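Q: I'd like to ask you about the structure that follows.
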Protein chains: 2
Amino acid sequence: MERSVFFISDGTAITAEVVGHSVLSQFPLTTTHYTLPFVESETRARAVREQINALHQQSGVRPLVFYSIVTPAVRHIIEESAGFCQDVVQTLVGPLQQELGIAPDPVAHRTHGLTATNLSKYDARIAAIDYTLAHDDGISLRNLDQAQIILLGVSRCGKTPTSLYLAMQYGIRAANYPFIADDMDNLSLPAALKAHHAKLFGLTIDPEQLAAIRDERLSDSRYVTLQQCRMEINEVESLFRNNNIRYLNSTNHSVEEIAAKIMDVLGMSRRMY
Amino acid sequence: MERSVFFISDGTAITAEVVGHSVLSQFPLTTTHYTLPFVESETRARAVREQINALHQQSGVRPLVFYSIVTPAVRHIIEESAGFCQDVVQTLVGPLQQELGIAPDPVAHRTHGLTATNLSKYDARIAAIDYTLAHDDGISLRNLDQAQIILLGVSRCGKTPTSLYLAMQYGIRAANYPFIADDMDNLSLPAALKAHHAKLFGLTIDPEQLAAIRDERLSDSRYVTLQQCRMEINEVESLFRNNNIRYLNSTNHSVEEIAAKIMDVLGMSRRMY
């Protein structure tokens, strides 16, 4: 079954996308997506309504619309479209209002925008990105006392994307350190890292997937053989076990899952941005 | 008014967090957050239920619970807690099922996990992060034909976090290029960039905010004075205008907003991950 899907918002449309995507993932549907952020004026809303209606006319089926718009006049224009419209936020606001016994006070852009109350958190997040970039791939082992997480693993097992995700989404200062091929003959944990045992977390990966990733990305074919990958992973997993470093296998997991798992295992509380 | 809030899921809990955060942003509440991902077993669910009930007993008010759990037996344990429970996904699934006339087929971990259908998209996303890191801060002007966006601006106006966000969330290969103080005497657009006019996008920032950011982050105080910041921004904004480069002011906007705006202005379609 095929449907057009709209994600519409007066802000970034991230909430509409995330919710809509979750809901749609439960149905065996083939979809074409249109994300329309910053629908703040009635003029723009009318143009969007025409776009929805035109697709309805062409296809004969109603487009699905996941939306979140604060201003009633703008919202109503979308609701009058031919689409099947679901308000991803208001649907839950009503029941919560009853529970709390206080009226909602909706302000556009509050979810993914900057306000006086989240500005300092936002600043901390940018600082975390700076820190993580400066401590990527073992570039610097200085200031590790400022790190909140230090990821360890062989080259190309997912340390960099995971570190950046932790910094970007959660404002976590995440350093990472690679064990490279030259280390393998006598693998040991550098003293600079040992001193921060509670922050250490290992990533490992299936040798077959590692070989495939390296085959695509590395120019030096010596490091690509399955034999080499197996050897490196064996050595590094032994090091994790011998040093009581918690670790997980990143194979077939997204950075979202790996990051959530690490924070869960390390018992870190998550901040939303 | 104060409440404890739980975000609970059998996956990463990102959806529960995003929705719950949006809904809560509409109320003047002081909240304490608990995010509990990977609640997949009945044992874990019962422990979570005890945690909710204990907080209820202590505080005398019901904790708010935003949850999304696929397995009914696990979900029901959470629903039996003393919390005020809202299912952030199922609430919209019911009406959609009626519209589509097909039954949902829920699978845990489908939203933010890896599946056969999104694995190649995920690979593209990791490649985009690699590309963006290799083309951060003007490190390399080679292979700009592979860039989808090239951000321009003075030092510390938000190019790096925005580029990384575009790569991380949307799989966009985003290069960025800084105009530094030494360029200012005779500012011009490098030929390597001119060749890619359609991909160029400028960031600018209020001089006061730039001076404050640089004061915190740069060791060299010459670049921190308000006069220097004003001069650089004037020069760079002139360059944007003279070269017909679209640009926006990043002051008081989050990376989410800046990224959404850039994609909107450049007419790029957004892919969800």
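Q: Any chance you could count how many residues in the range A:169-190 are acidic (D, E) and either surrounded by fewer than 14 Cβ atoms within 10 Å (Cβ to Cβ) or not assigned by TED's automatic domain parsing to the domain that holds A:C229 (or both)?
A: 2
Q: Quick one: is B:Y177 of a type in the set (F, W, Y) and closer than 28 Å to B:T225 by Cβ?
A: Yes.
Q: Can you tell me how many residues in the range A:204-222 are within 15 Å of B:D130 (Cβ to Cβ) and touching a Lys or Arg at 6+ places or on another chain (Cβ under 6 Å)?
A: Looking only at that region, the number is 2.
Q: If we only count strands (runs of 3 or more DSSP E) wholly inside the range B:10-98, which ones have 3 or more residues that are at positive phi and either acidic (D, E) or surrounded by fewer than 16 Cβ atoms within 10 Å (Cβ to Cβ) (or both)?
A: Of the strands (runs of 3 or more DSSP E) lying wholly inside the range B:10-98, none has at least 3 residues that are at positive phi and either acidic (D, E) or surrounded by fewer than 16 Cβ atoms within 10 Å (Cβ to Cβ) (or both).
Q: Just to be sure, is B:I258 on the phi < 0 side of the Ramachandran plot and under 18 Å from the mean Cα position of the chain (by Cα)?
A: Criteria met by B:I258.
Q: Whether any residue in the range B:84-94 is in contact (Cβ under 8 Å) with a residue 24 or more places away in the chain and over 28 Å from A:F84 (Cβ atoms) is what I want to check.
A: no
Q: May I ask you to list the residues in the range A:116-152 that are at pLDDT below 85 and farther than 22 Å from A:S269 by Cα?
A: Within the range A:116-152, A:A116 is the sole residue that qualifies.
Q: Please name all residue pairs, on different chains or six or more residues apart, with Cβ atoms under 6 Å, provided the first residue is in the range A:122-135 and is facing chain B (nearest Cβ under 7 Å) and in a helix (DSSP H, G or I) and the second residue is surrounded by fewer than 21 Cβ atoms within 10 Å (Cβ to Cβ) and at pLDDT below 95.
A: Partner pairs satisfying both residue conditions: A:Y122/A:L114.
Q: Then there's this: Name the residue that is nearest to the other protein chains (Cβ to nearest Cβ), counting only residues in the range B:75-100 that are more than 29 Å from the chain's Cα centre (by Cα) and of a type in the set (S, T, N, Q).
A: Per the stated criteria, the residue is B:Q97.
Q: Another question, then. Look through B:E232, B:E237, B:E257 and report the one residue that is crowded, with 16+ Cβ neighbours inside 10 Å, away from chain A (no Cβ under 14 Å) and without any contact (Cβ under 8 Å) to a residue 40 or more places away in the chain.
A: On inspection, the qualifying residue turns out to be B:E237.
Q: Of everything in the range A:136-146, what is in a loop (DSSP other than H, G, I, E, B) and within 19 Å of A:I205 (Cα to Cα)? Give them in sequence order.
A: Of everything in the range A:136-146, nothing turns out to be in a loop (DSSP other than H, G, I, E, B) and within 19 Å of A:I205 (Cα to Cα).
Q: The conditions are (1) within 13 Å of chain B (Cβ to nearest Cβ); (2) within 27 Å of B:I102 (Cα to Cα), and A:E40 fails exactly one of them. Which is it?
A: Of everything listed in (1) within 13 Å of chain B (Cβ to nearest Cβ); (2) within 27 Å of B:I102 (Cα to Cα), A:E40 misses just condition (2).
The values are calculated or read from the model by the stated rules, or taken from the named source; none is laboratory data. From a predicted model like this one, the values you see are computed outputs, not experimental measurements. When we count neighbours, we look across all protein chains shown, and the Cβ atoms used for this are built from the backbone with ideal geometry, even at glycine.
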